[in-house]
Amino acid sequence: MVPGFRFVKFNDVEDLKSQFNEKVCALIVEPIQGEGGIHACSPEFLTAARQLCDQYQALLIFDEIQCGIGRTGRYFYFQKFDIKPDVLTLAKPIGLGLPLGALLTTDRVAPTFGPGDHGTTFGGGPLACRVGFEFLKILQEDHLLKQIATTGDFFKERLLGLKSKYPFVLDVRGEGLILGMELSFPGREVVNRCLEAGFIINCTADKVLRFLPPYIITKKEISKFIKALDKILSEVNLATQEVDSVSQPVGGSH
Ligand SMILES: Cc1ncc(COP(=O)(O)O)c(C=O)c1O
């Protein structure tokens, strides 16, 4: 662990309160944990985080690198709540594949930073920034946020359909186009089979299939994927049952 850093138990308001004091300078929260397996912070946890940061004059930093800038059908995920961070980090989609990140702050925090205070070799290059502007324009002019919310709902509904079909699908969670499907076994095999079928998906936290498709994905493409995933899950299910029946003791059990 980095010296000076401490972790709080996920969504545990009491743990957060017990660790907070006047020495805390900032609290970093990823409001929907992406790598962690698509887990959303509860409104109670986020409210307590804001209140404690105000009380102890610490900065509340939201890391929306994965869940922000359109991913949930809003510009920023925190807009779902009546809570504002002091600092917000953004990246992934804004550069449309080029390396670009952004740090947004409130008027109160902004003057603490000046030009040249924080530089990197490739940070804020003119090409990546131009592409970033175009991305923001497309997001606004093509009404992409609304589209993301609609296709996201459609996608989640279809994943929930698979959950009701396969008992080993333990959970489907997330919103917009950041969705996860938790399995009762490691998801690597499903990921590999999806790739063979022409679909790139990911698995995080060992058992959570993670779906972060491009914002322009269509319902037709989602349906095609769901059909392929359905077939793959049924095959995996069959293989699991075969292993189970082989490992059953002959003569029954007591
Ligand atoms: C939520 C979140 N924060 C931070 C990072 C790290 O970003 P970088 O690779 O630019 O260090 C990632 C990368 O996946 C991420 O998903």
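Quick note: the coordinates plus some simple rules give every number you see, no bench work behind them. For clarity, every value in this text was computed on a predicted model and none was experimentally measured. All Cβ positions, even for glycine, are placed from backbone atoms using ideal geometry, and neighbour counts span all protein chains on display.
On a 0 to 90 degree scale, rounded to 10, what angle separates helix 126-141 from the longest Cα axis of the chain?
70
To the nearest 20 debye, what is the magnitude of the charge dipole of the chain about its Cα centre, counting +1 on the Cβ of each Lys and Arg and -1 on the Cβ of each Asp and Glu?
Working: 28 positive and 30 negative charges, 114 e Å.
Roughly 540 debye for the chain.
Any number yet on Rg/Rh for segment 130-237, C-alpha, Kirkwood?
1.01
Using each residue's phi in segment 25-36, evaluate 6.51 cos²θ - 1.76 cosθ + 1.60 at θ = phi - 60° and report the 3J(HN,Hα) Karplus result to the nearest Hz, with x for Gly and Pro.
9, 7, 10, 9, 10, 9, x, 10, 6, x, 5, x
Choose one answer from Gln140, Gln66, Gln33: the residue with the largest mean-square fluctuation in a GNM of the chain with alpha-carbon springs under 10 Å.
In this elastic network of the chain, the residue with the biggest mean-square fluctuation among Gln140, Gln66, Gln33 is Gln140.
How big is segment 13-141 along each principal axis, measuring the range of its Cα positions in Å and listing the largest first?
Over segment 13-141, Cα extents along the principal axes are 46, 33, 25 Å.
Could you pull out which residues in segment 10-53 have an amide N less than 20 Å from a spot 7 Å beyond the Cα of Ile200, following the Cα-Cβ vector?
34-38, by backbone N distance to the label point.
Calculate for the chain the 222 nm mean residue ellipticity that helices alone would give, adding -39,500 (n - 2.57) per DSSP H run of length 4 or more and normalising by residue count, nearest 500 deg cm²/dmol.
Counting only the DSSP helices, I get -12500 deg cm²/dmol.
Each residue of segment 184-195 in order: what ³J(HN,Hα) in whole Hz does its phi give by Karplus 6.51 cos²θ - 1.76 cosθ + 1.60, θ = phi - 60°, with x for Gly and Pro?
8, 9, x, x, 4, 4, 5, 4, 5, 5, 4, 4
Name the long-range amide H neighbours of Gly73: under 5 Å, sequence gap of 5 or more, or other chain; modelled H, no Pro or chain starts.
Result for Gly73 returns Leu177.
Output the Kirkwood hydrodynamic radius of the chain, Cα pairs only, in Å rounded to one decimal.
About 20.6 Å for the chain.
Taking H placed 1.01 Å from N in the peptide plane, check which residues at least 5 places from Leu59 or on another chain put their amide H under 5 Å from its amide H.
Sorted by chain and number, the residues that satisfy this are Ala26, Leu27.
How about segment 11-59: which trypsin sites (Lys or Arg not before Pro) there are in a DSSP loop, with at most 14 other Cβ atoms within 10 Å of their Cβ? Mind dumping the intermediate values first?
Details: sites: Lys17, Lys23, Arg50; in loops: Lys23.
Sparse-neighbourhood loop trypsin sites (Lys or Arg not before Pro): Lys23.
Segment 35-93: which chymotrypsin sites (Phe, Trp or Tyr not before Pro) are DSSP loop and have at most 16 other beta-carbon atoms within 10 angstrom?
On the way: sites: Phe45, Tyr56, Phe62, Tyr75, Phe76, Tyr77, Phe78, Phe81; in loops: Tyr56, Tyr75, Phe76, Phe81.
Those satisfying the criteria are Tyr56, Phe81.
Helix 144-165 versus the longest principal axis of the chain: what angle, 0 to 90°, nearest 10, using Cα atoms?
Between helix and principal axis, roughly 30 degrees.
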